[in-house]
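Q: Attaching a single structure in structure tokens format; questions to follow.
What follows draws every value from the coordinates through simple rules; no lab data is involved. From a predicted model like this one, the values you see are computed outputs, not experimental measurements. Glycine also receives a Cβ, built like all others from the backbone with ideal geometry; neighbour counts cover every protein chain displayed.
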Amino acid sequence: MEELLGLTDRHLAVLPSGQRLHKDIISDFEAMQRAATAAGFDLQVASGFRDFTRQKMIWNNKFSGQRPVLDLSGNIIDIDALTNEEKIISILTFSALPGLSRHHWGTDFDFYDAAGLPENYQLKLEEHEYINNGPCSGLSEWLKQNMNQFGFDAPYAVYNGGIAREPWHLSHTKVAVSFQNRLTTIVPAAFANILKEQQVLGAEEVAHNLDSILSKYVFNSL
């Protein structure tokens, strides 16, 4: 359970860059990285494992209005004008709930092309960087054609009404599915208790809507 919810890091291995991924996906990632290098790219991880505490800080700051919450058009939402359930849905468009982030598993990561970035460029993980002539667009297209043969997929490549599109987000299919299957067995009340113990804001409302949150914002189902 701790691995599932991001409460431990014992399932991880460290890349030369210092980023951490699940130990069972390292060989597949490195094989894909070598193939990308041969194709003229420098595949690197911008963000791999993210623990519960880090995700809780992001979540609570947004829920309490200390950090801006944006809509799909990039406009700032007046979070104080929303009910708790509305706050949850608004935040989930761009930020995962603590305990339900795929980054907790170590199977998912945000990638970039280090060879494509101009000197002193600050990566933003925004769509324009991965399409058209963006600095990571070439690698993004290469991955679309090749990632499956290494066991990876892009779970947020398409917007289905839940989490916003994330063309930079890749997942190791086989290992991630094993975590997804475990998530479906979580008892909402028990999960709510964990969130309360960890002082996550909106815990009660999350428990009431857990099934739909999993479907729309973790599994990205229609």
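Q: Give the range 131-186 a look and list any residue that's of a type in the set (D, E, K, R) and either without any contact (Cβ under 8 Å) to a residue 40 or more places away in the chain or at positive phi (or both), or say none.
A: 141, 144, 153, 165, 174
Q: Identify all residues within the range 133-159 that are crowded, with 17+ Cβ neighbours inside 10 Å, hydroxyl-bearing (Ser, Thr, Tyr) and in a loop (DSSP other than H, G, I, E, B); write none if there are none.
A: 156
Q: Something else about it: Taking the range 97-118 as the region of interest, how many residues are in contact with a His (Cβ under 7 Å, 6 or more places away or on another chain) and on the phi < 0 side of the Ramachandran plot?
A: Total meeting the criteria: 4.
Q: Another question about this same structure. Does residue 196 count as surrounded by fewer than 18 Cβ atoms within 10 Å (Cβ to Cβ), over 20 Å from the mean Cα position of the chain (by Cα) and of a type in the set (Lys, Arg)?
A: Yes, satisfied.
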